[in-house]
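What follows is one structure encoded as structure tokens, with my remarks underneath.
The values are calculated or read from the model by the stated rules, or taken from the named source; none is laboratory data. Model, not experiment: these values are computed from the prediction. Positions of Cβ are generated from backbone atoms using ideal geometry, with glycine treated the same way; all protein chains shown enter the neighbour counts. Accessible surface is based on the protein model in full, side chains and every heavy atom, while ligands, DNA and RNA are left aside. Shrake-Rupley method; radii C 1.70, N 1.55, O 1.52, S 1.80 Å.
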Amino acid sequence: MTSTPFRVAYVDHACDIGGGAQEALLDILRYADRRIVQPVLLHAEGAQWLRDVDLNTLETRVVFPAAEAFPGQSRDDLGSLWRRASGAAQSLQPVRRIRRALAECRVDIVHTNTLKCHILGGLAARLAGKPLIWDVRDILEAGAARSVLLAVAKRTRPHVVAMSSAVADSLASARCETTVVLGARPLDKYSPDAPDDQLRAAIGIEPTDKVLSVIARLTPWKGHTTLLEAFASVLPQEPAARLLVIGDTGFWESDYRDTLERLAEQLGCADAVRWLGFREDITELLALTDVVVLPSHNEPFGLVLIEAMAANKPVIATNTAGPLEIVASGATGLLVEHGDARQLADAMLELLGDPDRARTMGQAGRKRAEKLFDISRLMQQLYGVYETVTS
Ligand code: UDP
């Protein structure tokens, strides 16, 4: 390992409260050993996801404008970005700003954290002649966004850090150097805790309730509609079942929550659903939970699954991409077909009806998480990638 710390520019354009990508970057900023990495954060004006970061202790530069001036955040909207970027000087301004920041901050490596940043940060890195790392956390379906990303990969030749093997496979045709660095979290933050009675009362559940939780942004591909359908069919057999819907919409699809709430009404399960919005007390909410459900379509990873496992909770997820690499099916949780409400309902009934099995699965999940998904392992792997791209 080098004796001089790497000066790494982390580039993230998000303005909103953030999702897994921002959580993962916050972990890197918190846990990077300053003798090995000196981080410089290049971010957006008013970035809300930086809420608990003491910016005085971190070198930062604003390189992206606030959300309103730079809209469109879904994982498939790069096509429109590209049209804007190729035409509008406004969209290229971040490239100039990033390039200036790389020079002023004497950066050694550029590490981009979102799809937009892979493009804009990637161009800036290449103009500045700096090694480029794309931290890829998405699986793009065939379409404009994917084509743009592949085209830019050909020009900028990033070293890809893929959050799962499924993510790496999805970008294989770009033929970039790739390292799979499985997602990770500081597991002890989620260590099992006694349920908090006050919190339970505040969110309207009883100690005897059987609690299912989904912790995910409210966006169609996360599969909340299938979950509500499945939950409605579970209730007649498990009348004490309650569903905590934890997470919120991005500002660009803010009416999606209304759509889901209407669906719960139509399905007749609304009284048993608690809409909690975005929460910062995930550890405490996990302590109140019996089973965590993540019904998403083609989930690239699913950090919430490892948070649940760290908290000794069994999980139900879809048998796709990331969850296949995280969940030991039958041992730490159950995997079901995406979009199959019947299978999902059966899995929920199976675990709610057999608390001993659910508990055993939760304990096995914690052990698996300790072996594979702790942040210290991720940091060691990243240091190795930094060494590789600079040598
Ligand atoms: N999260 C949170 N509060 C919420 C909903 C989600 O803190 O109300 C966190 C969650 O604990 C996890 C991240 O957001 O750390 C979501 O990451 P994941 O990989 O599961 O999904 P992504 O948002 O990246 O698609």
Cβ pairs under 6 Å, 6+ apart, first in the stretch 163-191 and touching a residue at least 12 places away in the same chain (Cβ under 8 Å), second of a type in the set (Phe, Trp, Tyr) = 163/301; 164/301; 183/301; 184/373
Can you find even one residue in the stretch 283-301 that is of a type in the set (A, V, I, L, M, F, W, C), within 26 Å of residue 195 (Cβ to Cβ) and surrounded by fewer than 19 Cβ atoms within 10 Å (Cβ to Cβ)?
-> no
For the stretch 117-128, enumerate the residues that are open to solvent by 10 Å² or more (accessible area, probe 1.4 Å) and either under 22 Å from residue 300 (Cα atoms) or in contact with a Phe, Trp or Tyr (Cβ under 9 Å, 6 or more places away or on another chain) (or both).
-> none
Hey, can you tell me all the residues within the stretch 135-146 that are assigned to a loop (DSSP other than H, G, I, E, B) and more than 17 Å from residue 11 (Cβ to Cβ)?
-> 139, 140, 141, 142, 143
Determine which single condition residue 149 fails, assuming it passes every other condition in (1) part of a helix (DSSP H, G or I); (2) farther than 24 Å from residue 303 by Cβ; (3) at pLDDT below 95.
-> (2)
Search the stretch 43-58 for residues being touching a strand residue (DSSP E or B) at 6+ places or on another chain (Cβ under 7 Å) and in a loop (DSSP other than H, G, I, E, B), and hand back the single one that is modelled with the lowest pLDDT.
-> 58
Filtered residues of the stretch 4-25 (kept if within 14 Å of the ligand (Cβ to nearest atom), out of contact with any Ser or Thr (no Cβ under 7 Å at 6 or more places or on another chain) and open to solvent by 10 Å² or more (accessible area, probe 1.4 Å)) = 16, 17, 18, 19, 20, 22, 23, 24
Here are 322, 365: which of them is surrounded by 14 or more Cβ atoms within 10 Å (Cβ to Cβ), under 30 Å from residue 159 (Cβ atoms) and small (Gly, Ala, Ser)?
-> 322
Within the stretch 26-41, is there a residue that is closer than 28 Å to residue 277 by Cα, more than 15 Å from the ligand (Cβ to nearest atom) and either in a helix (DSSP H, G or I) or not charged (D, E, K, R) (or both)?
-> yes
Would you mind stating whether residue 339 is free of Cβ contacts under 8 Å to residues at least 12 places away in the same chain, on the phi > 0 side of the Ramachandran plot and away from the ligand (no atom under 16 Å from the Cβ)?
-> no
Of 252, 275, the only residue that is under 30 Å from residue 26 (Cα atoms), open to solvent by 30 Å² or more (accessible area, probe 1.4 Å) and modelled with pLDDT of 95 or more is 275
Being in a helix (DSSP H, G or I), surrounded by fewer than 16 Cβ atoms within 10 Å (Cβ to Cβ) and of a type in the set (Val, Ile, Thr), is that true of even one residue in the stretch 370-382?
-> no
Quickly run through the stretch 158-169 and pick out the residues that are surrounded by 16 or more Cβ atoms within 10 Å (Cβ to Cβ) and in contact with a helix residue (DSSP H, G or I) (Cβ under 8 Å, 6 or more places away or on another chain).
-> 158, 159, 160, 161, 162, 163, 164, 166, 167
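Here is a yes/no grid of residues against (1) within 14 Å of the ligand (Cβ to nearest atom); (2) at positive phi; (3) in contact with a Leu (Cβ under 6 Å, 6 or more places away or on another chain); (4) part of a loop (DSSP other than H, G, I, E, B):
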{"position": "169", "(1), (2), (3), (4)": "no, no, no, no"}
{"position": "204", "(1), (2), (3), (4)": "no, yes, no, yes"}
{"position": "230", "(1), (2), (3), (4)": "no, no, yes, no"}
{"position": "233", "(1), (2), (3), (4)": "no, no, no, no"}
{"position": "242", "(1), (2), (3), (4)": "no, no, no, no"}
{"position": "260", "(1), (2), (3), (4)": "no, no, no, no"}
Top-ranked residue of the stretch 277-307 - restricted to ones that are among the hydrophobic types (A, V, I, L, M, F, W, C) and closer than 20 Å to residue 337 by Cβ, ranked as nearest to the ligand (Cβ to nearest atom) | 304
Filter result for the condition that a residue is within 23 Å of residue 126 (Cβ to Cβ), among the charged types (D, E, K, R) and at pLDDT below 90, over 96, 83 = 83
Residues 62, 110: which one is open to solvent by 30 Å² or more (accessible area, probe 1.4 Å), β-branched (Val, Ile, Thr) and modelled with pLDDT of 90 or more?
-> 62
Being within 10 Å of the ligand (Cβ to nearest atom), touching a residue at least 60 places away in the same chain (Cβ under 8 Å) and assigned to a strand (DSSP E or B), is that true of even one residue in the stretch 315-327?
-> no
